[in-house]
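Colleague: Please find one structure pasted underneath; my questions will follow.
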Amino acid sequence: MTSLPATAKQPVTLLQLSDSHLSADPQALYRGQSADANLASLRPAIRELAPEAIVLSGDVSEDASPESYWRMGGFVRDLAPVIAWLPGNHDERATMADVFDELGFDAGPILTLGDWQLALLDSAWPNRPEGELDEERLAPLDELEPGMPAMVFVHHQPLPVGAPWIDKYPLIEPEPFWKRLADKPVRAVAFGHVHQVYEGEKNGIACLSAPSSAANGERDAPKFTPSDLGPSARWFRLWPDGRWESGILETSGN
Ligand SMILES: [Fe+2]
Ligand SMILES: [Fe+2]
């Protein structure tokens, strides 16, 4: 558990950094681009944003290597006082935990940030591109305090984003997840995995994706097709009264 003091009437700023797909070899290309250079290009904009917390929402690594997790750790550790993480389908939870535990990063599953609660859910399973939340992985949602606004982070999209190439690998059987949220104070569900910007809504709960820091794809395509969106991430501002806003952070100068 991590707690930051609640600052009266001031929002907290959070950055969701996703799908960096780093490899053991820092020169490795991901979909024809340098994953390391693209991630590094975001540093000035993240500094300017000065987030209180960064959530790494999975696919930190392309090859689940300790080297890739150490390099991500080195990149983010001085960019926010709180770094939280959850795995994606390309990650390996145990290897991530070895590295990120040593760096003092937080895997939740519930964190307090200002007057908000964040739930970090693990939808990734070995050797499966699609995600699933079974009863055990949904259980942290029951720890949410009823009287405090909350956000959920999860790697896989819990609803179709309208992109055939990635909607093939969604959060499967999402009904128990949505049912579980019915009586929870969750204002937004944020996910990665889709390598594009998505903003929608289900059952009155906002659903938003963070684009990839490495490579983003066109929505309307049968297979991954590079889009014009460069290295990016998503920011949130969370007010104590439950209001929030969000936007996309891009490389400075874009
Ligand atoms: Fe990804
Ligand atoms: Fe993914």
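The values are calculated or read from the model by the stated rules, or taken from the named source; none is laboratory data. These numbers come from a predicted model, not from an experiment. Cβ coordinates were reconstructed from backbone atoms using ideal geometry, including for glycine residues, and neighbour counts include every protein chain displayed. In case anyone asks, the SASA skips ligands and DNA or RNA and just uses the protein heavy atoms, side chains included. Shrake-Rupley method; radii C 1.70, N 1.55, O 1.52, S 1.80 Å.
Colleague: If you take the C-alpha gyration tensor of the stretch 89-224, multiply each eigenvalue by 5 and take the square root, what semi-axes do you get, largest first, in whole Å?
Modeller: Largest first, the stretch 89-224 gives 23, 19, 14 Å.
Colleague: Once you keep just the Cα pairs under 8 angstrom separated by 6 or more residues, what percentage relative contact order results for the stretch 59-148?
Modeller: So the answer I get is 25 percent.
Colleague: So, one more: Computing the accessible area with a 1.4 Å probe over protein heavy atoms, can you report the carbon and sulfur percentage for the chain?
Modeller: 50
Colleague: Above 34 Å lies some portion of the pair distances; for the stretch 12-250, what is it as a whole percent of all C-alpha pairs?
Modeller: Roughly 7 percent, rounded to a whole number.
Colleague: In deg cm²/dmol and to the nearest 500, what is the mean residue ellipticity at 222 nm of the chain if only DSSP H runs of at least 4 residues count, each as -39500 (n - 2.57), divided by the residue total?
Modeller: Calculated at 222 nm, the ellipticity per residue is -5000 deg cm²/dmol.
Colleague: Work through the residues other than GLU136 whose Cβ is under 15 Å from its Cβ and net out their charges, Lys, Arg +1 and Asp, Glu -1.
Modeller: -4
Colleague: While we're looking at this one, here's another question. Where is the GNM fluctuation largest for the chain (alpha-carbon springs, 10 angstrom cutoff): MET96, MET148, MET72?
Modeller: Largest GNM mean-square fluctuation: MET148.
Colleague: Taking Cα pairs under 8 Å and at least six residues apart, what relative contact order does the chain come out at, in percent?
Modeller: After rounding, I find 23 percent.
Colleague: What are the aspartates and glutamates whose alpha-carbon lies under 16 Å from the alpha-carbon of LYS179, with same-chain residues fewer than 8 places away excluded?
Modeller: GLU132, ASP134, GLU135, GLU136, ASP142, GLU143, GLU201
Colleague: For LYS223, which lysines qualify as cross-link partners when the Cα separation must be under 25 Å and same-chain residues fewer than eight apart are set aside?
Modeller: Result set, ordered by chain and number: LYS168.
Colleague: Using DSSP, restrict attention to beta bridges with both residues in the stretch 115-253 and report what percent are antiparallel, rounded to the nearest 5.
Modeller: 50
Colleague: Same structure again: Work out Dmax and Rg for the stretch 119-194 from the C-alpha atoms and quote the Rg first, both in angstrom.
Modeller: My reading of the Cα-based Rg and Dmax gives 12.4, 39 Å.
Colleague: If the elastic network links every pair of Cα atoms under 10 Å, which of SER68, SER232, SER20 fluctuates the most in the Gaussian network model of the chain?
Modeller: Per the Cα network of the chain with a 10 Å cutoff, SER68 tops the list.
Colleague: Quick one: net charge of SER18's neighbours, Cβ under 9 Å, K/R +1, D/E -1?
Modeller: -1
Colleague: For the chain, what does the accessible surface come to per residue with a 1.4 Å probe? Please give it in Å².
Modeller: For the chain, the per-residue accessible area is 42 Å².
Colleague: State the antiparallel share, in %, of DSSP beta bridges confined to the chain, rounding to the nearest 5.
Modeller: 50
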